[in-house]
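K.L.:
A single structure is presented below for examination.
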Amino acid sequence: MSAGAVSHVAEDRPRATGGRAPDVFSRSGWVPMREHALGDEVDFAIVGSGCGGAVLATKLAEAGHSVVMFDAGPFWRPLSDFASDEREQDKLYWLDPRVSDGDDPLELGANNSGRNVGGSTTHFQMVSLRFRPDWFKSRSKLGYAVDWPVDWHEMWHYYAEAERAMAISGPISYPWGPKRGRYPYREHEVNAAGLVLARGAEALGVAWAPTPLATVSAPRGKSPPCVYRGMCKIGCSTNAKQSMLVTYIPRALAAGAEIRDLAMVGRIDTGPDGRVTGVEFHRDGGWHVQRARNVVVAGYSIETPRLLLNSACGRYPNGLANGSDQVGRYLMVHSNHAVWAEMDEEIRWYKGPPSMACCEHWNYDDDDPSRDFHGGYSFMSQGPLPGDFAGTLVTATGAFGLDLRERMARYNRMAGLKIVGETMPQADNRVTLSDEKDGFGLPRARITFGYCDNDRRLYRHSLRFMSRMLQAAGGHDLLETSSTAHLMGGCRMGSDPETSVTDANGRSWEIPNLWICDGSLMPTAGGVNPALTIVANAARIGDRIVAMGRKGTI
Amino acid sequence: MTERFSAPYRGYDVLDKWDTPSFNDQTRRVLRGRMDPPPRRFFSDTEWRVLLALCARAMPQPERTDPVAMAPFIDADLHAGRGTGTRRADMPEPGAAWRRGLAALDAEAVARHGRGFADLDAAAANAILRAVDSGDLADPAAWDGLPAQRFLRETALKHIVSIYYSQPQGMSEIGYGGPASPRGYVRLGTDRIDPWEAPHGQWPDR
Amino acid sequence: MRAPSHREVPTAPRTRRPHTGLGRVVVGLGIALAGAALAGRAMRPRPETGVHQKSIRRTRDGAAILGASVLFDSALEHLRGGFENRAMYVAPTMAAVSVAASLAEPGSGGRERGARLAHIVSLATGVIGTGFHLYNITKRPGGISWNNLFYAAPIGAPGALAVAGALGMSTEVLAAQPRNGRRNGRALAGLTGAFLLGETAEVALLHFRGAFHNPAMYLPVTVPTAAGIALISLALHPDGRDDRVARALLGTVGALGLLGTAFHIYGVGRNMGGWSNWRQNALVGPPTPAPISFTGLGLAGLAAVDLLQGTEDRR
């Protein structure tokens, strides 16, 4: 948008320079930041500052390693940079095009990307659910997909750590899965949209829960409690949301990590010994090289494989860490199918975080005779903002004219349920490079995606079930829509170099000082929102790398 | 299709909250900047006329003397090269898709009625949009491989409604709370409203 | 910055706003009533001299403070509830009446009989209110769940009005039985101790909801519990007990009421938008009128100890 935007200073010029970085809890203040010269060989160059990069940078810096973390996007101060406006806040997404094809081409942008310090957590909907323990061994225990090279007990420990770090506000007792400790903060009041789910669940006899959310229900440090403004998906302007930007990023800075905003890494350099030597990045109008003993790629499921592929060289003609042709493969999404209904009451779903009530019934019930699919899905109550919902309506129905205006006039009486549905890892769902170049002259990513039969059975099952639930809650005039959210995989970790890109520590099989730490490592998608799992996995990898560092085995 | 917009929240205006804690400075700046439509810089005269007609069919505002403008903002977005994050492999980039799609709509009108899309009456234009949406094309060659339904829904209508409902008039007519920072909401329950929200709507079925 | 000029011309009068106006009237009347009683009391000569008389006065002052806390707290909470049910006006109204009754002197005249009746009705209102709140909790999805205990009608709140009524009633008994100071002191100590524990339970629930995010939030859970136990043990074993611990704890509870009010005012201010966003934060922030109720209970507890230690039963 050209006219009337918020100050674009953050998007035009890097802010984290001159020994200081933005103080995210202020409107215009700064915090000190340690800086490294380009010629200095830092211990770790980390590409990406979301759930993977921010957590790992914090762990490594707190253990005394020198760390420089890059992000292609701006370094916001939410209190003064985030407006209450859907169109303005598009600036949080990765809007540079990716080429999308396949049988079911993905829509990339708002639902699965972030381009700013803190990654997509600046606009995620804060749903913080743990994986079902069996999913870490879904091949051995449930008979589909592949096993993670990680034991669930270890992940359970790091889930608790992640929940503490993000001060998750969750219910006292959670109806599904093994016992977990108490969430750091109490559950939020469930809004009317969530109570529709609750009513429906109670009518159908399945459990429901107030959603564990990464927004605080009471003050925490400089974060005030959530004011239920309902614009979580376009950026929290109060800092109640416990995004990476207001949790791990300040910790990383305080521990001595350097952050370079508006710094697009275009290539990882390799030396004659085959090890990586640093990264080439574009900042302040020119290309620079940062030397590093280790490079960690944490750009999420598209930019991570893209960077590895774009770093091809004589020694690695197919890209880095790609000797087994695994980079970019097994890309997964969550099917995001939804059922919407009109209620007799005014729901006003714009109030409060969008998903205040959730149901994980189909993640845990294996024995129901209606279950005709592998994997699972959770679903949550919904609260789309007007532009978002209007876009859903026109995309799904083609409605226009007064008919559309009339439908939108029912906005305050709508309720909806939407799934986070597991999809199967498939080798041909993948990220490759297209012939097109972006503004930096780098080949754009091409994303090829198609559902398999199991994926389709799963979302069809969910549509039937959610329709029943909405009707049981008093909904009428139902509408079904389809969409996807999140990305998982693309550089999966595993136990076998032939079928994975990294080992369980995120270290690439091919190059010992090249690491990956983000959602692209995930071998399976699970039926829950991935952010908490990515954070927990990054914390686990961080501890492993720190331990290796102490033993001298990095 | 109804003839008249029923307006359950008549009289409610999110701008009444302009000077209250529901608005902060950055939001006021954004909305102020959106009040004056930007000048046309992307579309040609011919394309512009079709675009205006398309916007009028997508979001007709018979009750308004000063209807919400959408076309200038689409033009500005395309001029600025603002993307959505996705380019479908079978679609050109947004600017080219818009040009081709508008030309194709015009060609559909000529093929059916011997007149341009902008010269059709509402009923005829609506009929063409419905036909295009269902894949019933009178001049397939004009589309030149552009998937017609996808252009209409995902390129055109989605863009148009995102602009319409970003304007205070669009927010107000659906009873949406509008800007909400630093002040959010207190009363979250069913049928419960804060004094700074739209009063309960007037519903014929309640 | 001025509002933009592109405005919709209202074509019809605005539809109904939630009716919060009557709430303001009720609260205003309540304040006026309580204020009038306070003024009346200030103008009256104070005859009391003995420990017995002082204790009665102190207990009634405690009841009045409690009533004032309920007056403002219920007004605020019921404003949040939009005075959805007409019965919601009863709480602040009865609280105001209770304050007035507690500020009056006990006696046998017509006005005094009215005050006595007011105490009984306050007690009943508190009990019935608890029933209403329980109903509100159980009718919501989830029933008696943490979410509803946290966010539906607060289960413990109406109890404070009942306590104010009960304390008022107690002073009527005290006044009527000047010879049984010690025995009645025991009863009052036991009662106030129990009230302290009940009040603490509510504070614990709400501070748990706030995740005890500030360590100071443990104070109004621990100290009143200790004070309540000390009071009850004094009531059970009045002979030869040192009352200094109980007095110190009760004094601290009374001070905590004031400190808590200051903390809650600070707490509202640190919510998003601070006091300039008072229409939201006064309702969702920590309840500013609530902590002072501890001061009321502390006073009543001290009065009970005075009675217990400073009077003898005469036969």
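K.L.:
Using beta carbons and a limit of 6 Å, which pairs, at least six apart or on different chains, have the first residue in region C:56-80 and over 15 Å from C:Pro92 (Cα atoms) and the second one of a type in the set (Val, Ile, Thr) and assigned to a helix (DSSP H, G or I)?
P.N.:
C:Ile56/C:Thr171; C:Thr59/C:Thr171; C:Arg60/C:Thr171
K.L.:
In addition: If I ask for residues that are surrounded by fewer than 19 Cβ atoms within 10 Å (Cβ to Cβ) and without any contact (Cβ under 8 Å) to a residue 12 or more places away in the chain, which ones from region C:270-315 would you list?
P.N.:
C:Arg270, C:Gly274, C:Trp275, C:Ser276, C:Trp278, C:Arg279, listed by residue number.
K.L.:
Can you pull out the residues in region C:206-239 that are hydroxyl-bearing (Ser, Thr, Tyr) and touching a helix residue (DSSP H, G or I) at 6+ places or on another chain (Cβ under 6 Å)?
P.N.:
Passing the criteria: only C:Thr225.
K.L.:
Within region A:340-363, can you find the residues that are more than 14 Å from chain B (Cβ to nearest Cβ) and assigned to a loop (DSSP other than H, G, I, E, B)?
P.N.:
The one that is more than 14 Å from chain B (Cβ to nearest Cβ) and assigned to a loop (DSSP other than H, G, I, E, B): A:Glu360.
K.L.:
For B:Met91, only one of the following conditions fails: (1) closer than 30 Å to B:Ser172 by Cβ; (2) of a type outside the set (Ser, Thr, Tyr); (3) in a loop (DSSP other than H, G, I, E, B). What is its number?
P.N.:
With respect to (1) closer than 30 Å to B:Ser172 by Cβ; (2) of a type outside the set (Ser, Thr, Tyr); (3) in a loop (DSSP other than H, G, I, E, B), B:Met91 is out only on (1).
K.L.:
If C:His207 satisfies all but one of (1) buried (at least 20 other Cβ atoms within 10 Å of the Cβ); (2) farther than 24 Å from C:Thr288 by Cα; (3) not hydrophobic (A, V, I, L, M, F, W, C), what's the number of the condition it fails?
P.N.:
The one condition C:His207 does not meet is (2).
K.L.:
In addition: Would you check which residues across region A:265-287 are in a strand (DSSP E or B) and surrounded by fewer than 14 Cβ atoms within 10 Å (Cβ to Cβ) and list them?
P.N.:
Passing the criteria: A:Gly286, A:Trp287.
K.L.:
Could you tell me which residue of region A:34-70 is nearest to A:Gly235 (Cα to Cα), considering only residues that are small (Gly, Ala, Ser) and under 18 Å from the mean Cα position of the chain (by Cα)?
P.N.:
This residue is A:Gly50.
K.L.:
Considering every residue within region B:177-190, establish whether at least one is under 15 Å from A:Ala409 (Cα atoms) and surrounded by fewer than 20 Cβ atoms within 10 Å (Cβ to Cβ).
P.N.:
No.
K.L.:
Next up: So how many residues does region C:259-281 have that are within 18 Å of the chain's Cα centre (by Cα) and either at pLDDT below 95 or assigned to a loop (DSSP other than H, G, I, E, B) (or both)?
P.N.:
Qualifying residue count, region C:259-281: 0.
K.L.:
Against the definition (under 30 Å from A:Arg446 (Cα atoms), away from every other protein chain (no Cβ under 14 Å), touching a Pro at 6+ places or on another chain (Cβ under 9 Å) and not charged (D, E, K, R)), how does B:Leu102 come out, yes or no?
P.N.:
So B:Leu102 fails the test.
K.L.:
Now for a different question. Would a scan of region B:7-30 turn up a residue that is over 29 Å from B:Tyr185 (Cβ atoms) and either outside any helix (DSSP H, G or I) or more than 7 Å from every other protein chain (Cβ to nearest Cβ) (or both)?
P.N.:
no
K.L.:
Return only the number of the condition from (1) away from chain B (no Cβ under 14 Å); (2) at positive phi that A:Ala165 does not satisfy.
P.N.:
Result: A:Ala165 fails condition (2) only.
K.L.:
Quick check on my filter: what residues within region B:1-42 are closer than 16 Å to B:Gly178 by Cβ and of a type in the set (S, T, N, Q)?
P.N.:
Correct list: B:Thr20, B:Ser22, B:Asn24, B:Gln26, B:Thr27.
K.L.:
Continuing with this model, one more query. Mind listing just one residue for me: the one in region A:397-421 that is closer than 26 Å to B:Gln167 by Cα and within 25 Å of the chain's Cα centre (by Cα) and, of those, farthest from the other protein chains (Cβ to nearest Cβ)?
P.N.:
By that ranking, first place goes to A:Gly416.
K.L.:
Considering region A:185-206 alone, what residues qualify as being assigned to a helix (DSSP H, G or I) and more than 7 Å from chain C (Cβ to nearest Cβ)?
P.N.:
Across region A:185-206, the qualifying residues are A:Ala192, A:Ala193, A:Gly194, A:Val196, A:Leu197, A:Gly200, A:Ala201, A:Ala203, A:Leu204.
K.L.:
Next question. Please find, within region A:364-391, the residue that is nearest to B:Met59 (Cα to Cα) out of those that are surrounded by 23 or more Cβ atoms within 10 Å (Cβ to Cβ) and away from every other protein chain (no Cβ under 14 Å).
P.N.:
So the residue we want is A:Gln382.
K.L.:
What pairs come out if I take residues in region B:179-194 that are closer than 16 Å to A:Ile347 by Cβ and more than 7 Å from every other protein chain (Cβ to nearest Cβ) and pair them with residues that are part of a loop (DSSP other than H, G, I, E, B) and charged (D, E, K, R) whose C-beta lies under 9 Å away, six or more apart or interchain?
P.N.:
Close Cβ pairs satisfying both conditions: B:Asp194/A:Lys351; B:Asp194/B:Arg183; B:Asp194/B:Arg187.
K.L.:
Anything in region B:67-98 that is small (Gly, Ala, Ser), out of contact with any Phe, Trp or Tyr (no Cβ under 6 Å at 6 or more places or on another chain) and under 22 Å from A:Ser120 (Cβ atoms)? List them, or say none.
P.N.:
B:Gly83
K.L.:
So, one more: How many of the residues in region B:45-70 are more than 20 Å from A:Asp403 (Cα to Cα) and either at the interface with chain A (Cβ under 9 Å from one of its Cβ atoms) or part of a helix (DSSP H, G or I) (or both)?
P.N.:
6
K.L.:
Next question. Without any contact (Cβ under 8 Å) to a residue 60 or more places away in the chain, more than 20 Å from A:Leu404 (Cβ to Cβ), touching a Phe, Trp or Tyr at 6+ places or on another chain (Cβ under 8 Å) and within 12 Å of chain A (Cβ to nearest Cβ), is that true of B:Ala109?
P.N.:
So B:Ala109 fails the test.
K.L.:
Confirm whether A:Val117 is of a type in the set (A, V, I, L, M, F, W, C) and more than 8 Å from chain B (Cβ to nearest Cβ).
P.N.:
Here the answer is yes, as A:Val117 does meet what is asked.
K.L.:
Being within 26 Å of A:Pro384 (Cα to Cα), part of a loop (DSSP other than H, G, I, E, B) and within 14 Å of chain B (Cβ to nearest Cβ) is the requirement here; does A:Asp90 meet it?
P.N.:
Against the criterion (within 26 Å of A:Pro384 (Cα to Cα), part of a loop (DSSP other than H, G, I, E, B) and within 14 Å of chain B (Cβ to nearest Cβ)), A:Asp90 does not qualify.
K.L.:
Then there is this: Checking the structure you have, find out if any residue of region A:71-80 is surrounded by 24 or more Cβ atoms within 10 Å (Cβ to Cβ), within 30 Å of A:Thr432 (Cα to Cα), under 13 Å from the mean Cα position of the chain (by Cα) and modelled with pLDDT of 95 or more.
P.N.:
No, region A:71-80 has no match at all.
K.L.:
Sticking with this structure for a sec: Quickly run through region A:67-108 and pick out the residues that are of a type in the set (D, E, K, R) and under 20 Å from A:Phe25 (Cα atoms).
P.N.:
A:Asp71, A:Arg77, A:Asp81, A:Lys91 - these are the residues of region A:67-108 that are of a type in the set (D, E, K, R) and under 20 Å from A:Phe25 (Cα atoms).
K.L.:
Of A:Val99, A:Val55, which residue is in contact with a strand residue (DSSP E or B) (Cβ under 6 Å, 6 or more places away or on another chain), of a type in the set (A, V, I, L, M, F, W, C) and modelled with pLDDT of 95 or more?
P.N.:
Criteria check complete, one pass: A:Val99.
K.L.:
Another one. Examine region A:246-256 for a residue that is assigned to a loop (DSSP other than H, G, I, E, B) and within 19 Å of the chain's Cα centre (by Cα), and state whether such a residue exists.
P.N.:
yes
K.L.:
A further question follows. For region C:111-124, indicate whether the set of residues that are touching a residue at least 40 places away in the same chain (Cβ under 8 Å), closer than 30 Å to A:Val190 by Cα and either away from chain A (no Cβ under 14 Å) or touching a strand residue (DSSP E or B) at 6+ places or on another chain (Cβ under 7 Å) (or both) is non-empty.
P.N.:
no
K.L.:
Mind checking which residues of region A:433-483 are of a type in the set (Phe, Trp, Tyr) and touching a Phe, Trp or Tyr at 6+ places or on another chain (Cβ under 9 Å)?
P.N.:
Correct list: A:Phe440, A:Tyr451, A:Tyr459, A:Phe465.
The values are calculated or read from the model by the stated rules, or taken from the named source; none is laboratory data. Bear in mind that the values here come from a model prediction, so they are computed numbers and not experimental data. Virtual Cβ from ideal backbone geometry, glycine too; neighbours counted across all protein chains shown.
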